[in-house]
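Below is one structure, written out as structure tokens; the observations come after it.
The values are calculated or read from the model by the stated rules, or taken from the named source; none is laboratory data. Quick caveat: nothing in here was measured; it's all calculated off a predicted structure. Counting neighbours? That spans all protein chains shown, and the Cβs are built from the backbone with ideal geometry, glycine included.
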Amino acid sequence: MKKFVLGLAVLGALSLAGVSAQETDNLNAEISALFSKFESMGHGYYTQAEWSRLSQQMDAIATRAETAKAWDQLVELNRIKAMALGQLMRDPTAAVAVLKTTLTKYGQLAPAKMGRIYALLADNYAQLGNEAEITTLIKEFEQSAYYNAEQYPFSGGQGTEVPLTVTRPAAKGAASIIVTMMERARRKATFGPGKVFPEATLTTLQGQTIALASLRGKVVLVEFWIHGRMLHQRLVQQMRTAYQLHQKDGLEIVSINLEPSEASATLAADAQRLGMNWIVTTPNTELTHKLAIFGDATNFLLDRNGTIVTRDLHEAGLLQSVKDALGVR
């Protein structure tokens with residue numbers, strides 16, 4: 001059985017040139033119904049057979065969209081499928097395959113959608129820790145017919161108190177931020193699977209210092225969290241289960257807060273309420289900047305040598321990933 005949170009805004013306004021209004025409405029309604037099922041599954045349990053049925057339904061809708069030459073909608077369906085594969089099913093390699101096929105087959109048919117495909121492709125390469133592919137992808141995008149804007153520099157992003165700031169001189173449209181998004185993914189790839197997690201000395205909410213290097217020999221789940229977030233509260237339930245079951249096997253959890261101005265007492269009260277009875281620390285802006293974390297809660301699973309096994313775990317994959325890293329059933 002698996003559990004996951006969809007947690008994604010996957011449906012947008014779709015314009016379908018050459019497709020009847022009735023067919024457009026029908027396809028949109030079916031997509032909405034399909035993703036309502038995904039959302040309900042995200043708050044409960046489902047079998048592999050149930051997931052397969054829903055995937056088949058998505059493929060059937062995509063076939064109808066292709067027959068109707070509803071290219072924008074077909075590309076959007078592929079983007080959504082890739083998001084599910086990469087972010088929820090923890091299979092970025094499969095997501096990359098879907099996105100590359102989309103670029104090849106439908107780039108000329110739905111050019112307005114390609115910027116988002118490039119951005120998502122870069123994000124999945126980041127999940128794989130493939131910085132070189134992202135560099136190549138950026139150059140490809142800049143030389144393509146889909147590129148029509150400038151890259152914007154960005155700064156900040158160390159939590160809700162220091163938000164991500166993007167400078168946008170002479171903006172030329174919504175697609176102009178795509179390169180910036182891919183540059184962010186390239187920085188993210190620097191610390192993908194197989195890379196060594198950076199050293200840092202942290203301060204607990206009680207004022208004690210702890211070096212990550214002192215945890216060598218343990219499998220460590222390092223999470224960056226924002227208190228009061230519902231998604232974090234649901235993830236903590238899985239983290240508590242993992243800790244209760246596998247602390248004896250060598251699991252340690254380190255929760256690093258992302259809110260520089262939040263009082264330690266407030267954070268400690270929230271951590272106690274959630275049952276976070278592991279290492280909880282104050283923010284470390286140097287570490288979050290190095291890891292290219294721009295205000296988003298995330299996590300990294302490290303092996304016993306401090307090497308990143310995987311990152312950005314959701315509820316569904318967390319416990320199994322921990323077991324795999326520990327080598328236990």
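Worth a mention:
- Within region 221-254, the residues that satisfy the criterion of being among the charged types (D, E, K, R) and under 17 Å from the mean Cα position of the chain (by Cα) are Glu223, Arg229, Arg234.
- The set of residues from region 202-213 being in contact (Cβ under 8 Å) with a residue 40 or more places away in the chain, surrounded by fewer than 18 Cβ atoms within 10 Å (Cβ to Cβ) and not in a loop (DSSP other than H, G, I, E, B) comprises Thr203, Thr204, Ile210, Ala213.
- Boolean, Ile256 is of a type in the set (A, V, I, L, M), at negative phi and free of Cβ contacts under 8 Å to residues at least 60 places away in the same chain: yes
- Any chance Thr136 is at pLDDT 95 or above and either surrounded by 15 or more Cβ atoms within 10 Å (Cβ to Cβ) or on the phi > 0 side of the Ramachandran plot (or both): no
- Residue match in region 70-77 (condition: within 25 Å of Phe300 (Cα to Cα) and either surrounded by fewer than 20 Cβ atoms within 10 Å (Cβ to Cβ) or acidic (Asp, Glu) (or both)): no
- Among the residues of region 301-313, just one is hydroxyl-bearing (Ser, Thr, Tyr) and either in the same structural domain as Met89 (by TED's automatic domain parsing) or buried (at least 17 other Cβ atoms within 10 Å of the Cβ) (or both), namely Thr310.
- Given (1) in contact with a Phe, Trp or Tyr (Cβ under 7 Å, 6 or more places away or on another chain); (2) assigned to a helix (DSSP H, G or I), index of the condition Ser255 fails: (2)
- Any hit, region 63-78, residues being free of Cβ contacts under 8 Å to residues at least 24 places away in the same chain, within 23 Å of Thr136 (Cα to Cα) and not assigned by TED's automatic domain parsing to the domain that holds Ser321: no
- Residue check, Pro260 surrounded by 15 or more Cβ atoms within 10 Å (Cβ to Cβ), assigned to a loop (DSSP other than H, G, I, E, B) and in contact with a strand residue (DSSP E or B) (Cβ under 6 Å, 6 or more places away or on another chain): no
- When Gln158 is tested against (1) modelled with pLDDT of 80 or more; (2) within 27 Å of Gly317 (Cα to Cα), just one condition goes unmet, and that condition is (1).
- Looking across region 70-115, the residues that are touching a Gly at 6+ places or on another chain (Cβ under 7 Å) and modelled with pLDDT of 90 or more come down to Pro92, Ala95, Met114.
- Inspection of region 214-226 identifies at least one residue that is assigned to a helix (DSSP H, G or I) and either in the same structural domain as Leu313 (by TED's automatic domain parsing) or not aliphatic (A, V, I, L, M) (or both).
- Note on region 285-300: residues that are surrounded by 16 or more Cβ atoms within 10 Å (Cβ to Cβ) and outside any helix (DSSP H, G or I) total 9.
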